[in-house]
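The structure appears right after this line, and notes come after that.
The values are calculated or read from the model by the stated rules, or taken from the named source; none is laboratory data. Keep in mind that what you see is a predicted model, and the values were worked out from it rather than measured. Reconstructed Cβ throughout: ideal geometry from the backbone, glycine too, with neighbour counts over all protein chains shown. Keep in mind that these areas ignore ligands, DNA and RNA; they rest on the heavy atoms of the full protein, side chains included. Shrake-Rupley method; radii C 1.70, N 1.55, O 1.52, S 1.80 Å.
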Amino acid sequence: MGYRVAVGADIAGVEYKDLIKSDLAADERIDEVIDCGVAAGEDVDYPHVGVKVAKLVADGSVDRAVLVCGTGMGMAISANKVPGVRACTAHDSFSVERLVLSNDAQVLCLGQRVIGPFLARRLAKEFFGYDFDPSSSSAPKVAAISSYEAELGGTPDDAPASC
């Protein structure tokens with residue numbers, strides 16, 4: 001069984017999203033690619049797309065996702081607002097590897113204004129070449145992240161005010 005994947009972008013990332021979507025649709029490791037927008041010329045702010053895609057990850061509708069905006073940062077921040085989602089911007093191969101192997105991230109965020117199309121496509125492909133090992137030395141760290149998320153899952157006012 002292959003991955004179920006969602007892709008999404010804002011107007012600043014739609015070109016790369018469309019390239020990556022085509023690549024993933026042709027990848028034998030991918031069973032399904034869901035395009036959550038935007039279409040060329042459609043101007044929807046990145047938080048709306050990032051959260052929509054992250055909700056699909058959180059509820060198990062998809063296994064992983066790739067989000068693209070101008071830098072990748074806005075999409076990562078937005079997607080991480082959804083409990084249970086670990087999203088991060090990565091613009092090099094080592095970071096993509098560690099995104100999965102060290103952090104069990106399900107969402108790769110890329111910046112169309114930061115890297116070239118060939119690299120973006122390569123990184124998206126690499127993202128699906130790694131699987132988190134729940135018996136790895138990183139597992140307790142990922143569990144700690146999940147624990148903090150559960151503990152601090154309310155509003156920022158609920159977080160401790162001092163160190």
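Per residue of the chain, what 222 nm ellipticity follows from adding -39500 (n - 2.57) for every DSSP H run with n ≥ 4, rounded to the nearest 500?
-12000 deg cm²/dmol
Using every pair of alpha-carbon atoms in the chain, split the distances into 10 Å bins beginning at 0 and state the percent of pairs per bin, rounded to integers.
12, 41, 34, 12, 2
Calculate what fraction, in whole %, of the accessible area of region 1-61 sits on carbon and sulfur atoms when a 1.4 Å probe is rolled over the protein chains.
Working: 1580 of 3120 Å².
Summing carbon and sulfur atoms, their accessible area is 51 percent of the total for region 1-61.
Would you pull out the residues with amide H under 5 Å of VAL114's amide H, same chain only if 5 or more places away, H placed 1.01 Å from N?
none
Among all lysine pairs in region 1-142 that are eight or more places apart or on different chains, how many have alpha carbons less than 22 angstrom apart?
So the count of such lysine pairs works out to 10.
Cβ neighbours within 10 Å, averaged per peptide: list 67-79, 117-129, 48-60 in order, most packed at the top.
Sorting 67-79, 117-129, 48-60 by mean packing, highest first, produces 67-79, 48-60, 117-129.
Amide H neighbours of TYR3 under 5 Å, counting only residues 5+ apart in sequence or on other chains, H built in-plane at 1.01 Å?
Residues meeting the amide H criterion: ILE30, ASP31.
Mind ordering 138-145, 108-115, 81-88 by average Cβ neighbours within 10 Å, highest first?
Ranked from most to least packed, the peptides come out as 108-115, 81-88, 138-145.
From zero outward in steps of 5 Å, how is the percent of C-alpha pairs of region 1-79 spread across the bins?
3, 19, 29, 25, 17, 6, 1
What figure in square angstrom, to the nearest 10, would you give for the accessible area of TYR46 with a 1.4 Å probe?
It works out to around 90 Å².
Give me the accessible area per residue for region 11-123, probe 1.4 Å, as a whole number in Å². Walk me through the numbers on the way to the answer.
Values: 5230 Å² over 113 residues.
About 46 Å² of surface per residue is accessible.
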